[in-house]
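I have placed the structure first, in the form of structure tokens, so that the comments after it can refer back to it.
The values are calculated or read from the model by the stated rules, or taken from the named source; none is laboratory data. Everything quoted here is computed from the prediction, not taken from an experiment. A quick note on method: Cβ atoms are made from the backbone with ideal geometry, for glycine too, and the neighbour counts reach across all protein chains shown. Accessible surface is based on the protein model in full, side chains and every heavy atom, while ligands, DNA and RNA are left aside. Shrake-Rupley method; radii C 1.70, N 1.55, O 1.52, S 1.80 Å.
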Amino acid sequence: MFSKFTSILQHAVEALAPSLPLQEDFVYHWKAITHYYIETSDDKAPVTDTNIPSHLEQMLDILTQEEGERESGETGPCMEYLLHHKILETLYTLGKADCPPGMKQQVLTFYTKLLGRIRQPLLPHINVHRPVQKLIRLCGEVLAAPTENEEIQFLCIVCLKLKQDPYLVNFFLENKVKRVDTKEPVAEGVRDYPSAPDTGQNPLGAASPSSPEELAATPSNPVPNNNHYNLVSSLLNLTKSPDGRVVVKACEGLMLLVSLPEPGATKCLTENTELCELLTSRLANFYLALPQSMDPLDIETVESVNWGLDVYNLKEDAAVFTGKRALISFLSWLDYCDQLIKEAQKCAAAILARSVRERFFVSVMEPQLMQTSEVGILTSTALLSRIIRQVSSETLLQETAYFIVGEDTAPETPTGIAQVPLRHRLIEHCDHLSDEISIMTLRMFEQLLQKPTQHILQNLVLRSLEERNYAEVKPLDEREPLENGQPHDSVDLEEDPLFSDLSPDNRLSNPDWLSCSPPQHSDNAKSDGKTEVHKIVNSFLCLVPDEAKSSNQVEGTGYDTYLRDAHRQFRDYCGVCQRWDWRGQPKPFEKCNLDSPFFEGHFLKVLFDRMGRILDQPYDVNLQVTSVLSKLALLPHPHLHEYLLDPYINLAPGCRSLFAVIVRVVGDLMLRIHRIPDFTPKLLLVRKRLLGMEPEGLTIDHVTLLEGVIVLEEFCKELAAIAFVKFHAAAASTSP
């Protein structure tokens, strides 16, 4: 009570007394603090019962006022006094002793405000960065400490200063190699700081330019990588705090540090700190906390999560589905890892991403994906699909792709498909006995194919098509003539406004990104390109016989939707593939190794096998198979376009293309149609039920086949639309 009265009295006296010059006033407040320690005998009274907080605040106000009254960059006498008399060193000592109780909190606040308010660079001064470094070591020592909030505020302001001037980070890399003549840790790799004010002090803290500390830290005398990055270590400790706000702040600080473009700091960050371990161990722990069985739909549809922003209610989450809170926690931390790697310098990003692959994907996820339990396979595959969808960092996405499909780019062989066990198992799961697992795995691959990573497409599909040895080269005079140059029963697309008229708004703008789209096939090219595309489009439209078509009897199931979708999706794919080295023209046959045996690759083999059974598979499986194939057909690679969308390709003996697979399906369909009474009415009824235009009623015989026929018809229309849009894009990009 007496101390509070004294404080009030002192403020009253100060208010009535004439104002002193700033330096005298500054010295007065500092000496008032030091006198407290000389005169007081009660060192157990909390600091808030003394005048120390008030004096420290006054000192900050004076320093701020002094800087405001001076020219930019000029150091005033008060700041000179603070530096020369090593006030920050003294405060650090008092804070470390926490004398009186609560002093550490006051010191942290003083440091934070000083660095935040003063605009001139302070950290280059040895009497600033050295005590700052020491204070950093005190942060995060004790979890849930009463000073945690002040600690994280202090660390974050230091990170912010380093982000503003990255070279300063070299002051905070400590070399722990003991030397006889070295009392303090040495800043690693610090050169003369170019923008530091002239303080008469060496920025390395050496008394002379030839001191052992300076010689050890100069580039000509590199120190072995024994550095300690205490700023990172303290932040890592605070990420374990029970206070979520402190954790978020610590994560923000780490994100600032990984982005600093200083090679020494990057090397120290990845080699001498536990950052990699933090990211991966926490990711693994969150993953292992998930229920063993979860509904894939819940995993796919849970709201998108941004790290640090997930506000939750345990009761509400549990009411939605079991494990929602654990799933959000996992996805939130995954988002943080993804964003951290995206922000990190290239070298650090590569090491962090590889660590996630080795310590999380391979160690934790792979055993889950390779298990034999169908429930476990389904849950883990759904989680992998969600991870693929969420990852946006190019580096982490690359490592995710390597984890799933391996790193091979050489052409596949039938005997070598099991060289990467996980890739082999996942592709086999596309043709699993469980339809749910098949659908989920196909969906996962569809997510993967839509990611902007060239290696995914190269590994899964393109490496098998590089030599074009699926084709047999024949002289033109050996080819079978077509009736009037077109397939029998073809449609004149020139009179079809849905194909012949794309309004200016719908046309593919900017032809630059269309340079990789495949041109018309040179072997079949005619002087009239429109005739060529009409032949191709008609080939797909006429595949399904009229008696097996039902879309023409239902309104709103024409070509227009497929054209619009194909146009949009192809434009998006071209934007993604533009930077990849994909030739616009197919590789000339004379440069191809046509004698090497062709193997379509494990992935295409499974897709073609499933496509060949479209009449005998569930509707949902067929939808997913055709969805993956249409995504591949949209890709602007000339070999893939030729293999999937050219009906006139001369296949080598024993080879099959997508068109050839569909032709065989249609042949099987023609044999089976006549065995089903009232085939056409039943087909129309099934289509209307699928569209919700007819209520579910009596069971219809052969419903699986009828649904397969409907999917087949729609898929052929989709392929026709894709072929037309890709031709139109190629023509637009080559026209003057």
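Some values worked out for this structure:
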| read-out | value |
| --- | --- |
| Selection count where residues are under 29 Å from the mean Cα position of the chain (by Cα) and of a type outside the set (A, V, I, L, M, F, W, C), scope region 585-619 | 2 |
| Flag if Leu698 is in contact with a Lys or Arg (Cβ under 7 Å, 6 or more places away or on another chain), hydrophobic (A, V, I, L, M, F, W, C) and without any contact (Cβ under 8 Å) to a residue 40 or more places away in the chain | no |
| In region 111-122, the residues that are surrounded by fewer than 21 Cβ atoms within 10 Å (Cβ to Cβ) and either touching a Cys at 6+ places or on another chain (Cβ under 6 Å) or not small (Gly, Ala, Ser) (or both) | Thr112, Lys113, Leu115, Arg117, Ile118, Arg119, Gln120, Pro121 |
| Qualifying positions in region 1-54 - at pLDDT below 90 and open to solvent by 100 Å² or more (accessible area, probe 1.4 Å) | Met1, Phe2, Lys4, Phe5, Ile8, Leu16, Pro18, Ser19, Ile38, Glu39, Ser41, Lys44 |
| Selection within region 704-736 - open to solvent by less than 60 Å² (accessible area, probe 1.4 Å) and without any contact (Cβ under 8 Å) to a residue 60 or more places away in the chain | Leu706 |
| Any hit, region 307-315, residues being open to solvent by 50 Å² or more (accessible area, probe 1.4 Å), modelled with pLDDT under 95 and part of a helix (DSSP H, G or I) | yes |
| Selection within region 142-165 - open to solvent by less than 40 Å² (accessible area, probe 1.4 Å) and not in a helix (DSSP H, G or I) | Ala145, Thr147 |
| Options Ile404, Ile417, Ile427, Ile439; residue that is crowded, with 20+ Cβ neighbours inside 10 Å, over 21 Å from Gln617 (Cα atoms) and not aromatic (Phe, Trp, Tyr) | Ile404 |
| Residues of region 83-95 satisfying the condition of being crowded, with 21+ Cβ neighbours inside 10 Å and either over 23 Å from Val47 (Cβ atoms) or of a type in the set (Gly, Ala, Ser) (or both) | Gly95 |
| So Gly73, is it modelled with pLDDT under 95 and part of a helix (DSSP H, G or I) | no |
| Among (1) open to solvent by 50 Å² or more (accessible area, probe 1.4 Å); (2) under 26 Å from Leu460 (Cα atoms); (3) at pLDDT below 95 - the single one Asp678 does not satisfy | (2) |
| Within region 270-279, considering residues that are part of a helix (DSSP H, G or I) and farther than 17 Å from Ala250 by Cβ, the one least open to solvent (accessible area, probe 1.4 Å) | Thr270 |
| Condition broken by Ile673, with the remaining ones in (1) open to solvent by less than 40 Å² (accessible area, probe 1.4 Å); (2) within 42 Å of the chain's Cα centre (by Cα); (3) modelled with pLDDT of 90 or more satisfied | (2) |
| Enumeration of residues in region 599-621 that are in a loop (DSSP other than H, G, I, E, B), touching a residue at least 60 places away in the same chain (Cβ under 8 Å) and open to solvent by 40 Å² or more (accessible area, probe 1.4 Å) | Pro618 |
| Check on Glu80, farther than 17 Å from Cys159 by Cα, open to solvent by 40 Å² or more (accessible area, probe 1.4 Å) and part of a loop (DSSP other than H, G, I, E, B) | no |
| Residue list for region 96-111, restricted to those being touching a residue at least 24 places away in the same chain (Cβ under 8 Å) and part of a helix (DSSP H, G or I) | Lys96, Met103, Lys104, Gln105, Gln106, Val107, Leu108, Thr109, Phe110, Tyr111 |
| Subset of region 368-408 [assigned to a helix (DSSP H, G or I) and more than 16 Å from the chain's Cα centre (by Cα)] | Gln368, Leu369, Glu374, Val375, Gly376, Ile377, Leu378, Thr379, Ser380, Thr381, Ala382, Val405 |
| Subset of region 560-593 [open to solvent by 60 Å² or more (accessible area, probe 1.4 Å), assigned to a loop (DSSP other than H, G, I, E, B) and not basic (Lys, Arg)] | Gln578, Asp581, Gln585, Asn593 |
| Test result for Pro647, assigned to a loop (DSSP other than H, G, I, E, B) and surrounded by 21 or more Cβ atoms within 10 Å (Cβ to Cβ) | yes |
| Residues of region 107-141 classified as within 19 Å of Leu238 (Cα to Cα) and either more than 40 Å from the chain's Cα centre (by Cα) or of a type outside the set (A, V, I, L, M, F, W, C) (or both), total | 8 |
| Positions within region 249-269 being out of contact with any Cys (no Cβ under 7 Å at 6 or more places or on another chain) and open to solvent by less than 40 Å² (accessible area, probe 1.4 Å), in sequence order | Ala250, Cys251, Leu254, Met255, Val258, Ser259, Leu260, Glu262, Gly264, Ala265, Cys268, Leu269 |
| Among (1) in contact with a His (Cβ under 7 Å, 6 or more places away or on another chain); (2) at pLDDT below 95, the one test that Met59 misses | (2) |
| Residues within region 316-347 that are within 15 Å of the chain's Cα centre (by Cα) and in a helix (DSSP H, G or I), tallied | 15 |
| Filtered residue count, region 320-345, keeping only those that are basic (Lys, Arg) and without any contact (Cβ under 8 Å) to a residue 24 or more places away in the chain | 1 |
